[in-house]
Amino acid sequence: MIHIKTREEIEAMRPACRHAANTLVMIEPYIKPGITTDEINDLVHEYTIRHGAIPAPLNYHGFPKSVCTSVNHVVCHGIPGDKKLRDGDIINVDVTSIIDGWHGDTSKTFYVGTPKVRARKVVEVARRALEIGIEQVRPGARLGDIGHAIQQYVEGERCSVVREYCGHGIGRAFHEEPQVLHFGKPGTGVELKEGMVFTIEPMVNLGKPGVKVLRDGWTVVTRDKSLSAQFEHTVAVTADGCEILTLPD
Ligand code: MF3
Ligand code: CO
Ligand code: CO
């Protein structure tokens with residue numbers, strides 16, 4: 001069942017969504033060669049607690065940290081650790097915050113130092129893929145329209161879309177219906193209605209779409225070791241289009 005949110009419920013989601021977005025703004029200046037992903041985790045954790053929020057990833061299905069940090073060929077769900085970032089790396093930081101029981105989920109891929117040509121390519125394609133997905137959102141459109149628009153664009157840029165992970169409804173639950181696929185056929189799937197709230201979070205690979213999960217049970221990597229980038233927003237379907245809820249102050 002897809003939960004349609006009332007005006008009041010969407011208002012209630014704003015603090016968590018804004019907090020998650022503000023966390024990405026807070027972390028950006030720290031994304032420099034030499035910082036470890038554990039240090040990023042600690043900064044996100046402290047900032048979240050200090051603002052009266054809860055980091056949703058911590059202990060979520062046993063996830064051991066407060067944020068996902070996915071470097072280079074890591075697609076998503078990277079676990080912070082003691083590895084230092086190096087000049088030319090890319091890193092996705094995926095923040096999900098809970099305030100008053102409501103979730104906000106957003107992520108961004110950052111350049112560490114000076115990006116190489118291939119890093120720039122995959123990151124800019126992923127950034128635009130999310131924008132194109134969001135442009136499809138309005139009452140009467142279908143989930144397949146979002147997936148199709150993203151897939152057409154990404155494949156037209158000679159990159160690929162990850163199939164195994166998708167966007168999701170969000171609210172009192174971290175992940176709820178519907179699944180928001182980042183590929184598909186126009187005019188298919190669930191019809192969007194005012195009050196639906198979900199994430200769009202395309203994972204874009206520079207090489208082939210295939211992924212695998214490492215032995216830690218979480219870290220998702222590209223099979224061909226190619227670079228992967230991702231951006232994510234939580235959006236609400238409005239009467240005449242959509243509103244991005246995960247914008248910072
Ligand atoms: N934030 C991720 C998403 O966009 C989910 C992370 S689950 C975790 O849906 F357990 F790895 F944190
Ligand atoms: Co998400
Ligand atoms: Co996320």
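Some notes on this structure:
- Test result for Ile40, open to solvent by 40 Å² or more (accessible area, probe 1.4 Å), away from ligand 3 (no atom under 12 Å from the Cβ) and β-branched (Val, Ile, Thr): no
- Filtering the range 80-116 to residues that are more than 13 Å from ligand 2 (Cβ to nearest atom), farther than 22 Å from Arg14 by Cα and open to solvent by less than 50 Å² (accessible area, probe 1.4 Å) leaves Pro80, Gly81, Leu85, Gly88, Asp89, Ile90, Ile91, Thr109, Phe110, Val112, Gly113, Pro115.
- Among (1) away from ligand 1 (no atom under 12 Å from the Cβ); (2) closer than 21 Å to Thr199 by Cβ; (3) not hydroxyl-bearing (Ser, Thr, Tyr) - the single one Ala20 does not satisfy: (1)
- Some residue of the range 14-36 being crowded, with 24+ Cβ neighbours inside 10 Å and more than 15 Å from ligand 3 (Cβ to nearest atom): no
- Being open to solvent by less than 10 Å² (accessible area, probe 1.4 Å) and more than 15 Å from ligand 3 (Cβ to nearest atom) is a description that applies to Val161.
- Matching residues in the range 179-226 - criterion: being open to solvent by 10 Å² or more (accessible area, probe 1.4 Å) and not in a loop (DSSP other than H, G, I, E, B): Gln179, Glu191, Val211, Lys212, Val213
- Pairs where the first residue, in the range 98-126, is under 21 Å from Leu245 (Cβ atoms) and the second is within 16 Å of ligand 3 (Cβ to nearest atom) and open to solvent by 50 Å² or more (accessible area, probe 1.4 Å), C-beta under 6 Å, 6+ apart: Ile98/Ile54
- Residue pairs meeting the criteria (Cβ under 7 Å; at least 6 apart or on separate chains; first away from ligand 2 (no atom under 13 Å from the Cβ), in the range 149-169; second of a type in the set (S, T, N, Q) and in a loop (DSSP other than H, G, I, E, B)): Ala149/Gln136
- Enumeration of residues in the range 180-212 that are within 14 Å of ligand 1 (Cβ to nearest atom), free of Cβ contacts under 8 Å to residues at least 40 places away in the same chain and over 14 Å from Asp105 (Cβ atoms): Leu181
- Residue in the range 59-68 that is among the β-branched types (Val, Ile, Thr) and either open to solvent by 10 Å² or more (accessible area, probe 1.4 Å) or more than 17 Å from the chain's Cα centre (by Cα) (or both) present: no
- Search result, residues across the range 167-178 that are part of a loop (DSSP other than H, G, I, E, B) and open to solvent by 70 Å² or more (accessible area, probe 1.4 Å): Arg172, His175
- For the range 214-234, the criterion of being without any contact (Cβ under 8 Å) to a residue 40 or more places away in the chain and either within 16 Å of ligand 3 (Cβ to nearest atom) or among the aliphatic types (A, V, I, L, M) (or both) is met by at least one residue.
The values are calculated or read from the model by the stated rules, or taken from the named source; none is laboratory data. Given the structure is predicted, the values throughout are model-derived calculations rather than measurements. When we count neighbours, we look across all protein chains shown, and the Cβ atoms used for this are built from the backbone with ideal geometry, even at glycine. Just so you know, the surface numbers come from the protein's heavy atoms only, side chains and all, with ligands and any DNA or RNA stripped out. Shrake-Rupley method; radii C 1.70, N 1.55, O 1.52, S 1.80 Å.
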